[in-house]
Amino acid sequence: MADGCMSVESGPDRVAIVEWIDVEDHTSPSWVDSDQMLEDAIEPFRIIRTVGFIVEQTEERVSLTMTWGPSETCGVINIPRGLIKGVQIVQVAEGDPP
């Protein structure tokens with residue numbers, strides 16, 4: 001993976017694979033025993049990979065969307081820079097089918 005702080009253009013032709021540390025929430029609406037709480041606390045963080053079109057990049061975040069239409073998208077995921085382990089830009093060869 002390339003440097004997580006790499007700066008690239010955004011747009012429907014800019015696709016990236018972002019590798020980042022998953023933020024975990026082990027809260028529960030019910031009580032959890034101490035053994036389970038300790039197990040949850042020391043569980044290693046998982047590395048997540050998200051593929052999408054680059055919407056925006058700032059010093060604070062990388063924003064991706066999974067679908068880019070002519071006038072709308074299906075939403076956006078904002079990944080904090082501090083959690084990003086790497087960004088790999090996907091190169092599509094000219095003439096490749098979409």
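General remarks:
- Those residues of the range 27-47 which are open to solvent by 50 Å² or more (accessible area, probe 1.4 Å) and either in a helix (DSSP H, G or I) or within 25 Å of V62 (Cα to Cα) (or both), in sequence order: S34, D35, Q36, M37, L38, E39, A41, I42, P44, F45, R46, I47
- For the range 58-73, the candidate set comprises residues that are hydroxyl-bearing (S, T, Y) and out of contact with any Gly (no Cβ under 6 Å at 6 or more places or on another chain); within that set, the residue that is least open to solvent (accessible area, probe 1.4 Å) is S63.
- Any chance I84 is β-branched (V, I, T), modelled with pLDDT of 95 or more and surrounded by 14 or more Cβ atoms within 10 Å (Cβ to Cβ): yes
- Test for V8: is it at pLDDT 95 or above and either surrounded by 12 or more Cβ atoms within 10 Å (Cβ to Cβ) or touching a Pro at 6+ places or on another chain (Cβ under 6 Å) (or both): no
- Residue within the range 82-94 that is in a strand (DSSP E or B), among the β-branched types (V, I, T), closer than 12 Å to V18 by Cβ and touching a helix residue (DSSP H, G or I) at 6+ places or on another chain (Cβ under 9 Å) present: no
- Hey, V76 under 13 Å from Q88 (Cα atoms), surrounded by 12 or more Cβ atoms within 10 Å (Cβ to Cβ) and of a type outside the set (F, W, Y) or not: no
- Number of residues in the range 48-81 that are in a loop (DSSP other than H, G, I, E, B) and farther than 20 Å from V15 by Cβ equals 2.
The values are calculated or read from the model by the stated rules, or taken from the named source; none is laboratory data. These numbers were taken from a predicted model, which means no experiment stands behind them. Reconstructed Cβ throughout: ideal geometry from the backbone, glycine too, with neighbour counts over all protein chains shown. In case anyone asks, the SASA skips ligands and DNA or RNA and just uses the protein heavy atoms, side chains included. Shrake-Rupley method; radii C 1.70, N 1.55, O 1.52, S 1.80 Å.
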